[in-house]
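Each remark here refers to the structure printed beneath this line.
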Protein chains: 6
Amino acid sequence: MNRMHVFFYDKSIAYTGHQLSSLWAYRNFGLQGDSLVCFRGPCSVLPTEMVDVEDVLDGSSIYGPDMLHFIVEHFGESLEAGVLRQRLLMAIIKDLLECPDLKRDGDDLYIGDGKLSISIATSSPVSVMIHAALNIVSEGTPVKAAGLYDLGYSDGRVAELGIKAGHLYAGEMHSVKMACCKVRGVK
Amino acid sequence: MNRMHVFFYDKSIAYTGHQLSSLWAYRNFGLQGDSLVCFRGPCSVLPTEMVDVEDVLDGSSIYGPDMLHFIVEHFGESLEAGVLRQRLLMAIIKDLLECPDLKRDGDDLYIGDGKLSISIATSSPVSVMIHAALNIVSEGTPVKAAGLYDLGYSDGRVAELGIKAGHLYAGEMHSVKMACCKVRGVK
Amino acid sequence: MNRMHVFFYDKSIAYTGHQLSSLWAYRNFGLQGDSLVCFRGPCSVLPTEMVDVEDVLDGSSIYGPDMLHFIVEHFGESLEAGVLRQRLLMAIIKDLLECPDLKRDGDDLYIGDGKLSISIATSSPVSVMIHAALNIVSEGTPVKAAGLYDLGYSDGRVAELGIKAGHLYAGEMHSVKMACCKVRGVK
Amino acid sequence: MNRMHVFFYDKSIAYTGHQLSSLWAYRNFGLQGDSLVCFRGPCSVLPTEMVDVEDVLDGSSIYGPDMLHFIVEHFGESLEAGVLRQRLLMAIIKDLLECPDLKRDGDDLYIGDGKLSISIATSSPVSVMIHAALNIVSEGTPVKAAGLYDLGYSDGRVAELGIKAGHLYAGEMHSVKMACCKVRGVK
Amino acid sequence: MNRMHVFFYDKSIAYTGHQLSSLWAYRNFGLQGDSLVCFRGPCSVLPTEMVDVEDVLDGSSIYGPDMLHFIVEHFGESLEAGVLRQRLLMAIIKDLLECPDLKRDGDDLYIGDGKLSISIATSSPVSVMIHAALNIVSEGTPVKAAGLYDLGYSDGRVAELGIKAGHLYAGEMHSVKMACCKVRGVK
Amino acid sequence: MNRMHVFFYDKSIAYTGHQLSSLWAYRNFGLQGDSLVCFRGPCSVLPTEMVDVEDVLDGSSIYGPDMLHFIVEHFGESLEAGVLRQRLLMAIIKDLLECPDLKRDGDDLYIGDGKLSISIATSSPVSVMIHAALNIVSEGTPVKAAGLYDLGYSDGRVAELGIKAGHLYAGEMHSVKMACCKVRGVK
């Protein structure tokens, strides 16, 4: 009953949406089982790769020149439970950033009217997958953005943030599981 | 696909643990379906009513002279999904309090080393039930506590907090459901 | 805890089987969440689009020159629950038609030996999808058919039937949900 | 993949609510697995035995001097699927009665404003249980009732109705299961 | 994603059926989460404590003067999955015993016509519970029994068997989980 | 509540991985519902057809010149339950072979260091699918193998083994279902 895998990959990966497919962490990093992989890189998702039909309908583009990415996979899980976990991941990141102007609205983080994050959760045939990413730079994005550099984060602290968020998330997921193993039922 | 019931009961109820049973909101307030009921009152749970076996084993007592209570019920749900929702409720309350010293640790809120909250989630035969409560006064509690009065909350703002937290939680639960209805699956 | 979307589209759509895919109602009509969409149009499903392997094996063709169609989507649901709902939809339509010679046999409606309806339920990666359709004209179909015109339905009453069936179905689905929120468990 | 048990017990049983508990059919008739048991007898449920909290809140009494009862049990099933099955049972009974004035409203059958039936579905720790019953006589009931005698049913035809409804229900449950085993998934 | 708890308790416990309740391992040994506890002791279950209604109906008594017991708990699990795990536990024990005359028939182990084991799986409100036990001595049992002493087991080897079976079972449960985290879906 | 289909096909089929797709038994043999189909033939799976990503990552090839195959399908089931059933299938085959040197390690059977079997379980959109196969000849395989001929099996006994294993598996699956229908819940 130990924790899920948490892995920070220290080379750049260009996020294209292809990473949001089952067993990506297993195929690429040998991580078998529930996992969170964090890495840094640009983000550019072609409309054909978009899984959020809301974005497709809105004609939104998903683009960021430099982002901190999280790919999470939970096996044998309903999409709704996956979305609940995704929201907790965003709440954990929000708390870590310790920025009074930061607001969480569902799976989005905002600083004032600048959008700090993007995120989506969906189903694969064997698991639930979450992608969440934080802007590091706030220029060059399709909507008004905020970035970690704006909050004074250095590259080193960006990496630390990813690692810390990953471990806090894994810890919370473990404690959620444990919370189910200490109560008696009620009438 | 509208929201769950949110109800603020403006008379005092002494929380004894008996409220944590299925259909409590339906029996008492006619609320049929998923619901969050908020009320204020003292809290004193006899060991025989405790559902958290960790507390029973630790010999903890669950007591607070004046607390803001939330009783939440979700039907047809697994306990694990209920615990995930409970965590989001605590994250929502934390954000509402806008207190830089406030920390969420799982289902607990702390100000420094003072415990602001208690919470538990469990299963009934037909639903998942959550109890969460915030100390209003910080004296007379079995462990070092923090209370809403310490944060400068007036009685009026305590009530407002309960109502606001309830509506934000209901809104988040609705948006979680909607988030499952806008994505295509991935491979 | 409100009702699912019910939408009558008053222009003709040629049903080809492509409509039986997840988020069709959301992509085309902006209906996010559980939905029933009703429309009128011809029906012609290529063997490559057939989801009922029984039809494929039998070499059946799915064709009707003019039909009243229902596309239903329920999210986060098992296929078996989807089939149970499909059967209730057919029972509701049968009752609405108030025709003593009408018989329901599973998901089929017959008037004598004339087949009035076609229907299928299947799984998408995020939902369960139902297609049901009633012949309006009874000629030009691959098997002996009965049609709503044979029952004396005018075009206006055909539309009314679709709307009424949709709302009764949505009402029944709501009452099924509510029925789960008013009972205590038994031993 | 054969059908559930269908058993008509030809002696009178007084329905008291105690029959609505898991394994009743197994304990009393040796029927192991999903089952429908039909019998005739008076009905009188003490408030302490009522599982429908709506009835408890309304102060309704559940009473009928002579009824045709169905006790159904499905193992390993959600309550919502149980309620969907219950509704289909009522639709099957309605169709069998072939009475133009008969209306189904959820789990209730009415002839005009006379209530012909009572029904409830709930969860046991290992199964979902359904009780449905039809008035045979329409006098002596707490609300305005209709009875099978009013529809011209003889005692022999009452028994036949029970047996026929049981077998049609078992057949429909089997065909629901088979309908899940003949479709390919869609996108 | 580590293994479930495996614990061998080296003092005698008289098995009475009361041990087959949720959180028994947590309450008694502090083991939070999925667990297997093995111990030795007599076995005597009062009819009121029996969970196997088949035994109750048959008037069987559950008694053994000296047995090796396993109590297993898996949280958040269906009863059917619990029974599948129980069968694997019996298959593991059978293989460990390396006795050519030993046969597994469902959840029972036999040597010739001597019954070596008893076992049951059932649901608690929060978990699935399994009890399995092997006769150590074969006298004094209600049916013709076989015992580990008959197979030449010393007391030391009895204990070893319990520990080894526990670890093999935990390993198999872990490998079952991992087997779900390495496959792509098929059409 | 009868048993799943068991079918021995007495002509050779070359296993290519394409057989591991939903409704294969229904499309080819008209078997609707849960099924086990046994046949004999060579085995050669192209990397593009492999569902076990572990094999893909290892660069394993799946090849055997002559094998006894089992294709099993269970509808409406989680992958984890499918893997548990797969393990029981392997345990049943092991017991049938009555060979003291045979060891089961998860879903693999070994005689000494010779691999007797291959197996995989995965999800389709509507079911869980299992492939298991036993080498008949032990030459020409990519890893050191053992075969049924090595155990002295004639062609006739190979066929008998397939039929017997199929029926024992179907019987065990039935008894697992029945085991869920004879217990009361515990606290």
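FYI, it's all coordinate maths here, none of it is from the lab. All values reported here derive from a predicted model rather than from experimental measurement. Glycine also receives a Cβ, built like all others from the backbone with ideal geometry; neighbour counts cover every protein chain displayed.
Structure data summary
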quantity: Candidates D:Asp105, D:Asp101, D:Asp150 - the one that is over 27 Å from C:Met178 (Cα atoms) and surrounded by fewer than 23 Cβ atoms within 10 Å (Cβ to Cβ); calculated: D:Asp150
quantity: Condition broken by A:Glu80, with the remaining ones in (1) in contact (Cβ under 8 Å) with a residue 24 or more places away in the chain; (2) under 30 Å from F:Val83 (Cβ atoms) satisfied; calculated: (1)
quantity: Candidate set from the range F:104-120 (those that are out of contact with any strand residue (DSSP E or B) (no Cβ under 7 Å at 6 or more places or on another chain) and not charged (D, E, K, R)); member that is farthest from F:Gly140 (Cα to Cα); calculated: F:Gly106
quantity: Residue match in the range D:56-72 (condition: more than 21 Å from D:Pro142 (Cβ to Cβ), surrounded by fewer than 16 Cβ atoms within 10 Å (Cβ to Cβ) and among the small types (Gly, Ala, Ser)); calculated: no
quantity: In the range F:32-44, residue surrounded by the most Cβ atoms within 10 Å (Cβ to Cβ) [restricted to those that are over 15 Å from the mean Cα position of the chain (by Cα) and more than 24 Å from F:Ala91 (Cβ to Cβ)]; calculated: F:Gln32
quantity: Within the range A:80-111, considering residues that are touching a helix residue (DSSP H, G or I) at 6+ places or on another chain (Cβ under 8 Å) and of a type in the set (Asp, Glu), the one farthest from B:Leu109 (Cα to Cα); calculated: A:Glu80
quantity: Residues located in the range A:163-187, provided they are of a type in the set (A, V, I, L, M) and assigned to a loop (DSSP other than H, G, I, E, B); calculated: A:Val186
quantity: Index of the failed condition, B:Met129 passing every other in (1) more than 14 Å from chain C (Cβ to nearest Cβ); (2) within 12 Å of the chain's Cα centre (by Cα); calculated: (1)
quantity: Condition check for E:Asp113: within 30 Å of A:Cys180 (Cβ to Cβ) and touching a residue at least 12 places away in the same chain (Cβ under 8 Å); calculated: no
quantity: Total residues in the range E:114-139, condition outside any loop (DSSP other than H, G, I, E, B) and within 26 Å of E:Phe75 (Cα to Cα); calculated: 15
quantity: Output for the range B:140-162, where each listed residue is out of contact with any Leu (no Cβ under 9 Å at 6 or more places or on another chain), of a type outside the set (Gly, Ala, Ser) and not in a helix (DSSP H, G or I); calculated: B:Thr141, B:Pro142, B:Val143, B:Lys144
quantity: Odd one out for B:Phe29, checked against (1) surrounded by fewer than 20 Cβ atoms within 10 Å (Cβ to Cβ); (2) closer than 17 Å to B:Ala165 by Cβ; (3) of a type in the set (Phe, Trp, Tyr); calculated: (2)
quantity: Number of positions in the range B:133-187 that are in contact (Cβ under 8 Å) with a residue 60 or more places away in the chain and basic (Lys, Arg); calculated: 2
quantity: Qualifying positions in the range D:30-43 - under 21 Å from F:Val176 (Cα atoms) and either in contact with a Ser or Thr (Cβ under 8 Å, 6 or more places away or on another chain) or hydroxyl-bearing (Ser, Thr, Tyr) (or both); calculated: D:Ser35
quantity: Residue under evaluation C:Leu116, criteria (1) within 12 Å of another protein chain (Cβ to nearest Cβ); (2) closer than 23 Å to C:Phe8 by Cβ, criterion not met; calculated: (1)
